[in-house]
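The values are calculated or read from the model by the stated rules, or taken from the named source; none is laboratory data. Remember, predicted model here, so these are calculated numbers, not experimental data. For neighbour counting, all protein chains shown are included, and Cβ atoms are generated from backbone atoms with ideal geometry for every residue, glycine included. In case anyone asks, the SASA skips ligands and DNA or RNA and just uses the protein heavy atoms, side chains included. Shrake-Rupley method; radii C 1.70, N 1.55, O 1.52, S 1.80 Å.
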Amino acid sequence: MDKLIEVLQQLVNGVSLGSIYALIALGYTMVYGVLRFINFAHGDIYMLGAYSGFLLAPLFAQTFKFGEFDTFTPENTLFILCGAGLVMVLSMAICAGIGVLIERIAYRPLRERPRLNVLITAIGVSLFLQNMTQYRLGADPKAFPQLIPVHVVEGLGNLTILTSQLAIIIATVILLIILRFVVMRTKLGLAMRALSLNPTACSIMGVNNDIVISFTFALGSALAAAAGILVSMDSPSINPLMGNLPGIKAFVAAVLGGIGNIPGAALGGLIIGILETFVVAIGFPQWRDGIAFAVLIVILLFKPTGILGRVEREKV
Amino acid sequence: MLKSLMLEIQELEVAYGSIIALHRISLLVATGKIITLIGSNGAGKSTTLRSVSGLIRARRGKILFEGEEITNRAPHSIVGMGITQVPEGRMIFSNLTVLENLQMGAYRRKATAEIKKEYDHMFEIFPRLKEREKQVAGTLSGGEQQMLAIARALMSKPRFLMLDEPSLGIAPILVKTIFSKIVEINQQLGITILLVEQNANLALEISDYGYVLETGRIILEDKSAALRVNSLVKEAYLGG
Ligand SMILES: Nc1ncnc2c1ncn2[C@@H]1O[C@H](COP(=O)(O)OP(=O)(O)OP(=O)(O)O)[C@@H](O)[C@H]1O
Ligand SMILES: [Mg+2]
């Protein structure tokens, strides 16, 4: 029985960590879908999401009494969620704008060039964002303001789930549902799917491909920003380099799920998160960061198209 | 400007890097007609259509649509003017459903009620598509994919439709059907057509006027009926 609880406990930890990877991985995979390009600066958008929250929270701290509640109660829950939600949505909007701007300034001029040029540029953008953040806001870790009270959720017996973990999981589920609606039910979502199948055909349908690409960057960046906020609620210390490791792990998650495949990225994120948690739990904490790379090597060797990926059809 | 001219290509030169694909070709498409452009592999037929659609830049020359210059405009704004094409190899969206493909065709149109009616219209013209509405387009047969590609292009409500080798890789019996649909689209919907074909026989049968393209140059043009009995055309394109 204790074993079962223990496994369940690690599973919850893994899912909440995996949710973060999933949210970041979606941006990699969507951008890859429309541009066939890995945006190596994507992990830094996640970092900027956290910093946006860090800078925005003080503006609403009084109105929403950030840090003044010790626990969730039936009376204050809605109020707290409104405040945290507002900071999250605004951060998502800011990062969506930054993502669109980066594509416009750094990537679009290189679109007709060899793929390697834009890949190197993306690494440059990543370094720029990290160094700019260090320069403007300092290289030292910052304490992320408390948007929601973090405590153990009551009534779960021996299972220790923090409110912050629950927030991550619930917010991720909501975001995934919204994303699914956007991709499957809206005109821009349809254009995104069509663009990833055949850009030329999209053009001759009258689609302005640039707008669809901007939209994709906005969507991916907003999800990464949400991940940055959510993670900072759970471990409230942020720094300009915090995007590096999660960024790379989320990239592995996207490859694992099948790069370009949206459900695949979400699935891949969860798997990496759960694996990472279990590797630590069974006594190999030194493998915490290594496991993602081990997974990457295994997929590249045995199933380069990923779990849900399809073999790329020959271009006519 | 002459209202009876739908498309006018003047001295168009297009190159891929250092390889010149079109050597200053000129071509006219009269409103309401079916014009055909025939020529063998690599003659530059697709390149011509691509430059009209704005998919490749013209190095020299002009393209006019109803008297208005459209040379090197963005592809999406060219579609907005009423020009569309069924590209070589069909380029249907293989992972989208038949209906979603049609939806993509209507991308620039706003009125949803009208678009709904348009689906039904397409299914009237191509009944085979109706039965496969929810099917993923990549699973259709070659002929059905061609029908879908044509229907998808029509969804933008074009005034001018270009078709790039619609007979390519399709069973002969379906080719007949597709060509009769092309005539129907021209006559009943009043859409002007520029038809690119290697199957010169059929193309000259249904068209009013034809151009013969050879290695990037127009070497011959005439009424289609006249081209069919032209000895050069007979020898090179109609199998003697
Ligand atoms: N993307 C490209 N890059 C370089 N050269 C190209 C490209 N596309 C076409 N060409 C060249 O331009 C010339 C014209 O090609 P185009 O595709 O227009 O011919 P086509 O008449 O449509 O031939 P087909 O009947 O085989 O479709 C050919 O010599 C071809 O090799
Ligand atoms: Mg061709």
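Miscellaneous remarks
- Computed over chain B, the per-residue total of -39500 (n - 2.57) for DSSP H runs of n ≥ 4 gives a 222 nm mean residue ellipticity of -10500 deg cm²/dmol, rounded to 500.
- Within 10 Å of the Cβ of each residue in A:196-202, the mean number of Cβ atoms contributed by other protein chains is 6.
- 10 Å Cβ shell holding at most 10 others, DSSP loop, GluC sites (Glu not before Pro): longest site-free stretch of chain A: A:155-311
- In chain A, the ratio of gyration radius to Kirkwood radius, Rg to Rh, stands at 0.98 when only Cα atoms are counted.
- With all pairs of separate Cα atoms included, the protein assembly as shown yields a Kirkwood hydrodynamic radius of 26.4 Å.
- Rounded to the nearest 10 square angstrom, B:Val29 shows an accessible area of 0 square angstrom against a 1.4 Å probe.
- The trypsin sites (Lys or Arg not before Pro) of the stretch A:157-221 include none that meets both conditions, a loop assignment by DSSP and at most 16 other Cβ atoms within 10 Å of the site Cβ.
- Each residue of the stretch B:96-104 is assigned a 3J(HN,Hα), and the resulting list reads 8, 6, 4, 5, 5, 4, 5, 4, 4 Hz, derived from the Karplus form 6.51 cos²θ - 1.76 cosθ + 1.60 (θ = phi - 60°), x at Gly and Pro.
- B:His121 accessible area, assembled protein chains, probe 1.4 Å, Å²: 60 Å²
- Result for chain B in a Gaussian network model with C-alpha springs under 10 Å: among B:Ser167, B:Ser77, B:Ser46, the largest mean-square fluctuation is at B:Ser77.
- Using only Cα coordinates, the Kirkwood hydrodynamic radius of chain B works out to 18.1 Å.
- Nitroxide proxy distance, nm - points 7 Å out along Cα→Cβ at A:Phe79 and A:Asp210: 4.9 nm
- Helix axis angle, A:262-281 relative to chain A longest principal axis, alpha carbon, degrees: 40 degrees
- To the nearest ten degrees, helix B:142-154 and the longest principal axis of the Cα atoms of chain B are 90 degrees apart.
- A cut-off of 5 Å between modelled amide H atoms, ignoring neighbours fewer than 5 places along the same chain, links B:Gln85 with B:Met162.
- Hits among lysines - C-alpha to C-alpha of A:Lys142 under 22 Å, sequence gap 8 or more where chains match: A:Lys65
- Under DSSP loop assignment and at most 11 Cβ neighbours within 10 Å, longest trypsin sites (Lys or Arg not before Pro)-free interval of chain B: B:135-240
- Using the empirical formula 2.2 N^0.38 Å as the baseline, the Cα radius of gyration of the stretch B:91-153 reaches a ratio of 1.00.
- Between helix A:115-137 and chain A there is an angle of about 30 degrees, using the helix long axis and the longest principal axis of the Cα atoms.
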